């Protein structure tokens, strides 16, 4: 009987050791209730944090401005390696990109044609950046150069300080500040950069041409706002179906050139827009990008 009990004890210990080893080797995914590791952003390239906005972002006053933003060609955006974005430390982040520009209004941060000094839309610069960077976070500081005209307010208060007989600057600010902020809010809201949604990669057989070939491609859509992102997710089966039909009808030679790839990008945008009901022509889909692209 004692020997039998010894066998049972050994068996229990072996089972416990087996379970412990299972948890060690397979991690938290096998443990109910434990949070799962969060997936990183889609795409290729270094994991990146981006800053967009005005002088509070660019690093105005921090010195050591990059040569290209310190007057070269008329560019006075004053980006500094001492700007706060360069100091952000987060797990996995290996690249920091500063798109901020001193004096930038909200319209230059948003999509559009407004320039600050010599630079165009920061949102468009961000759209180009995601082609070869995995953007984990975007920090935006904007509004000081819009209706409040922060620098003008500082000048007015500075003058009032030396005018002993005049009213303090707070008198005028109390009367006009709220209306200026109210006028600024919609401009700042429009400055929010576009959203991006990456579809699961496609693998399709191409139309026959000198043998059998297949295409592997990742598609990223640029979307105007969160509502557009939700619509793409809702109609994703329809969008994927249209894309599969589009890709499978292509011949390898059609996709071999830069012109052919650009035509495909335009067709991907059209296919997605046609998949979503609505009255706006673009359905909130403002562009598309190709990620991995392999023909074999």
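What follows draws every value from the coordinates through simple rules; no lab data is involved. The structure presented is a predicted model; accordingly, all values stated were derived computationally and were not measured. Here Cβ is always computed from backbone atoms with ideal geometry, including for glycine, and neighbour counts include all displayed protein chains.
Across the range 125-238, Cα-Cα pairs farther apart than 18 Å form 70% of the total.
List the relative contact order of the range 75-175 as a percent without decimals, with contacts defined as Cα pairs under 8 Å and 6+ residues apart.
Contact order relative to length: 20 percent.
Ranked by the mean number of other Cβ atoms within 10 Å per residue, highest first, peptides 99-108, 247-256 order as 99-108, 247-256. By the gyration tensor of its Cα atoms, with a ≥ b ≥ c the square roots of the eigenvalues, what is the shape of the range 55-111: rounded for a/c under 1.5, prolate for a/b over b/c, or oblate? Since a/c reaches 1.5 but b/c is at least a/b, the shape of the range 55-111 is classed as oblate. For the range 195-295, the C-alpha radius of gyration divided by 2.2 N^0.38 Å, with N the number of residues, is 1.07. Percent of Cα pairs in the range 39-193 per distance bin of 5 Å, from zero to the largest separation: 2, 9, 16, 17, 18, 14, 10, 7, 4, 2, 1, 0, 0. Where the centroid of each part is defined by its Cα atoms, how far is the range 167-189 from the range 197-212 in Å? The distance from the Cα centre of the range 167-189 to that of the range 197-212 comes to 55 Å.
With only alpha-carbon pairs counted, each pair once and no self-pairs, how large is the Kirkwood hydrodynamic radius of the range 241-292 in angstroms?
11.9
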